[in-house]
Amino acid sequence: MFCSKCGTINDDNAFRCVNCGEQLQGGGPGSSTQQAPGGVGNVPNYLVQAILITLCCCLPFGIVAIVYAAQVNGKLQAGDYQGALECSGKAKMWCWLGFGIGLLANLIIFGLQIIGAIATGAGSMRGY
Ligand SMILES: [Zn+2]
């Protein structure tokens with residue numbers, strides 16, 4: 001790579017220019033560019049999913065997901081990329097928990113209705 005200061009061609013792995021000692025971009029143990037491969041700002045906040053979970057499936061789990069989802073953008077703006085990723089992951093987890101429990105609750109209600117219908121049907125048949 002070329003040195004941005006003097007233009008000397010350096011080895012790609014070199015983190016200091018051999019000519020002037022200028023620190024080269026992309027190299028070196030202190031580089032912060034390698035910590036965010038997706039780029040800062042690409043953290044999904046799951047806010048839409050969290051609201052849908054709250055409205056459709058499971059209110060308590062959805063609210064927890066919304067609380068975490070709301071923190072993602074705030075942390076990104078504060079420059080806390082790791083914190084934003086953490087909240088994003090938690091929002092996603094609570095979304096899936098809410099979705100799973102909401103689905104399970106619906107299945108149980110559906111199952112009880114079927115059992116109730118069968119029991120009612122069997123009872124009326126027994127009555128004849
Ligand atoms: Zn140089």
Of all residues making up segment 64-104, the number that are open to solvent by less than 30 Å² (accessible area, probe 1.4 Å) and in contact with a Lys or Arg (Cβ under 7 Å, 6 or more places away or on another chain): 3
When you look at Gly30, is it more than 16 Å from the ligand (Cβ to nearest atom), at pLDDT below 90 and in a loop (DSSP other than H, G, I, E, B), yes or no? yes
Mind checking which residues of segment 7-21 are within 6 Å of the ligand (Cβ to nearest atom) and open to solvent by less than 60 Å² (accessible area, probe 1.4 Å)? Thr8, Cys17, Cys20
Quickly run through segment 36-59 and pick out the residues that are more than 17 Å from the chain's Cα centre (by Cα), at pLDDT below 85 and either surrounded by fewer than 17 Cβ atoms within 10 Å (Cβ to Cβ) or in a helix (DSSP H, G or I) (or both). Cys56, Leu59
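The values are calculated or read from the model by the stated rules, or taken from the named source; none is laboratory data. Since the model is a prediction, treat every value here as computed from it, not as a measurement. Cβ: placed from backbone, ideal geometry, glycine included. Neighbour counts: every protein chain shown. SASA here: full protein model, heavy atoms, side chains in, ligands and nucleic acids out. Shrake-Rupley method; radii C 1.70, N 1.55, O 1.52, S 1.80 Å.
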